[in-house]
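What follows is calculated from the coordinates using simple rules that are stated; it is not laboratory data. As the structure is a prediction and not an experimental result, all values here were calculated from the model. Here the Cβ positions follow ideal geometry from the backbone for every residue, glycine too, while neighbour counts run over all protein chains shown.
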Amino acid sequence: AELDYLGHSWDCSKGYKQSGNGCIKVVIPQNAELDYLGHSWSCSKGYKQNGNGCIKVVIPQNAELDYLGHSWSCSRGFRKIGEYCEPI
C-alpha cells in the first residue's frame, strides 16, 4: 500500500485491491488484463466479460469489433437485427 495522491489516506499498489484494512493481489483471468487504474481487470480486446472471466466476442457476418473491443457493430450499409447484420 502507499499514500493516496492527497497524502491523507492509503491506496493499494497497482495490481492489488483493497480488502478490509489491507490489500490482496488482483486475480486476472485468461484473456484479461489489469484495468486502467490497476485495482481490477478488464477483458482484452476481442473478449467480453462473462461472470468472473472473459469469452471471445462472436462477430457475425457484415460486422466488426466495436471501438472499445468488447462487442460488435454492423459494418457501414448494414443494420443490426437481433444478433445479425442485414443490408439497409
Problem set entry | Where GluC sites (Glu not before Pro) fall in DSSP loop in the chain, at most 12 other Cβ within 10 Å | 83
For this session: Mind checking the full-extension length gain between residue 86 and residue 31? Use 0.36 nm per residue of separation minus the Cα-Cα distance, one decimal, nm.
Result: 16.8 nm
Exercise. With the contact rule set at Cα under 8 Å and sequence spacing of 6 or more, what percent relative contact order holds for the chain?
Worked result: 16
For this session: Return the loop-located chymotrypsin sites (Phe, Trp or Tyr not before Pro) in the range 1-86 (DSSP other than H, G, I, E, B) with at most 11 other Cβ atoms within 10 Å of their own Cβ; answer none if there are none.
Result: 5, 36, 67
Exercise. Separation of the range 30-88 and the range 4-25 by C-alpha centroid, Å?
Worked result: 31
